[in-house]
1. Hey, if we sort T88, T20, T265 by accessible area with the 1.4 Å probe, largest down, what's the order?
2. Rounded to the nearest 10 Å², what accessible area does I596 have for a 1.4 Å probe in the complete protein model?
3. Taking Cα pairs under 8 Å and at least six residues apart, what relative contact order does the chain come out at, in percent?
4. Run the numbers on the stretch 389-460 and let me know its relative contact order in percent, using alpha-carbon pairs under 8 Å that are six or more apart.
5. Express the C-alpha Rg of the stretch 173-300 as a ratio against the empirical globular expectation 2.2 N^0.38 Å, rounded to two decimals.
6. Using Cα-only point scatterers and the Debye equation, what is log10 of I(q)/I(0) for the stretch 305-454 at each q in 0.17 Å⁻¹, rounded to two decimals?
7. Do you know the relative contact order of the stretch 206-312, to the nearest whole percent, from alpha carbon pairs under 8 angstrom that are 6+ apart?
8. Along the Cα→Cβ direction, 7 angstrom out, place labels at N190 and T98. What is the inter-label distance in nm?
Amino acid sequence: MLKNENGNIMISILITVLATASALVFPMIAQRDVTFSLYQLDSVQQLHLVRSEMLRGFMNAQRLSESIDSETLPIRKIEINNGISVGTVALKTSIFRTVKKSYILSRNLRKVLTKAKSYRCDATYTDYYSDRRKSPVESCAFKSYQSVTFASYGFFTDIDESVNGDPVYYYGYDEVWGRVHSNTDIWLKNIAGWPTFHDCVTTAGQIQFVNGSPANINEIFLAGYMEHAPAIEFTRTAVGIRNNGVSMPIDFDDVDIVFADIHGTEVIIYTGEILVDENPTCLPVYNSYPPYGEIGEQIETSQVTLRDTVWSGAYSWIMHNQSTLVEAELWIKGVVGTAMCWGCTEDIRIVDDLLYQNTPAGSAPDGSDGSPLNYTDYLGLVSEGSIYVSYGYKHPATGERLHPNCGGDMFIYGALCAFGHDDPDPYNSGVFTFEYHYPHRSTPDQDGYSMIDLHLCKYPPENPLYWPWPADTEEGIGFASNRPDYPWYNPLWPEWEPYLERGTINLWGSVAQRRRGFLHRSGTDPLDSGHWDIENHFYGNLPIEGVNAPDSYGSGVGYRKNYHADYRMMENPPPDYPEVFIEGGLARLQELEFCITESPKNF
């Protein structure tokens, strides 16, 4: 063909065609490579900016109020000038509050969703909601955070003082499991050695030592400690339960007490109305009265306002993975077989053991002692008053007088939170404590005679500051104990031998309280001397009187403590349990997941 003239022409034409095609194709390839590089650059820039924007979203998620479900931040525009061209990345971020529910439990989550778009213009002409000069590349990601709740602390105290205003100490008898935080100083005292803290301890104040410093502080704080940490806000209301809790089948208008007896997911409910006689009952006071003698001469008259609780019920109600708010005093006991949280506008009284259906009494629900992990059972008690371990009660259905919390071991499984009423009186602060601190004898009904002490002593005293209950008059008091119990101060008044030492509280869970409540008293408190004036917190004269409950020992009043954290609650708190906000209103959040996702439409 090369020797043929026509063949040379054909080759020339072919070369010309190839050259022309190449001249057309190579710019297209170059343009494609440039476009592809721009799209890659858009993707890389967007990914980095989305990650940085997530931090902005996190900071605002911390500030998101419990009463707000979602918030969209102002559009953020970042102009990028590489010297050759100018572009802008526009970022939109929204924060959502959600409740992630499963068969087992629910979690309070905050999600941060960020989407990035790139534009081939400067920021002035960039409109996030317009497609003008927009790159087809978009990036989107979300992070989810779980709210840290007070259930994640083994022990939280807003004010590390007693209701008397005295510092409350940790002693050598205290072996504390779970995170500990105090918004004031933490006081340690060397009695039977120093206390032991197995998890991190933080305080907004300082660690104070009462009687000398320890040789090695690391032997006390096994996981370390932090002083001058940010204070944690301790609110006054159970906001999450108020917002999300299911309503009980009760009209609270005529209800003063709700008695909840839990059986797995079923709750047997009794309601009590306290009836008060508006006209005080007059009882003659004699200088002698059975069983301490014959009916003698009348010397005074007692005026008694009679109160009686009328019970209704029982109602059956199902609770499963829910919270509820009780707008009355709550008495509670039973075996929990689901996740539940009880909020209460008044005080809560634990009248008997609170157990988990799938954890044997005395075993750890989180498996920390080698027991099987309990995946299903969680309990929260949140009081806008205080939480009491009940001394005793009369059963609503049978009227039987019971002391289930007195003697041997008592078990409480759950997270306890006592906010306290909005009252400057420290005695109205939220505390976890026990009922009936200062026992005295009182004469039980017998031989057809009732309210015997009121027939022997004038009530109320004419001048409680100088005339104690009962009055020591020349006529005399004709019975063995001349310092009887104040009427109805004992929940099971009258009792001749009330219980002093009442056993051991075994708690698996957490305690958060406004002030440190007493769970044991020495019996030598200054307020346990002088006159009876309960409204001003004076409780009669020494000595305390009574007997130790069966299988209990000691020389004071109350309970020994055996506390264990339930580490499940760090990630799986009871439904709608109060969230933790550090000083300034920032929520404490822990990250659960980060995910690059497809861009949602219309976002």
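1. Descending accessible area places them as T20, T265, T88.
2. 100 Å²
3. After rounding, I find 16 percent.
4. Dividing the mean separation by the residue count of the stretch 389-460 yields 22 percent.
5. Normalised Rg, Cα atoms only: 1.94.
6. Listed by q, the Debye log ratios stand at -1.16.
7. 19 percent
8. Spacing of the two 7 Å Cα→Cβ label points: 5.5 nm.
The values are calculated or read from the model by the stated rules, or taken from the named source; none is laboratory data. All values derive from a computational prediction rather than experimental measurement. Cβ atoms come from the backbone with ideal geometry, glycine included; neighbour counts cover every protein chain shown. Quick note on the areas: whole protein, heavy atoms, side chains included, nothing else; ligands and nucleic acids left out. Shrake-Rupley method; radii C 1.70, N 1.55, O 1.52, S 1.80 Å.
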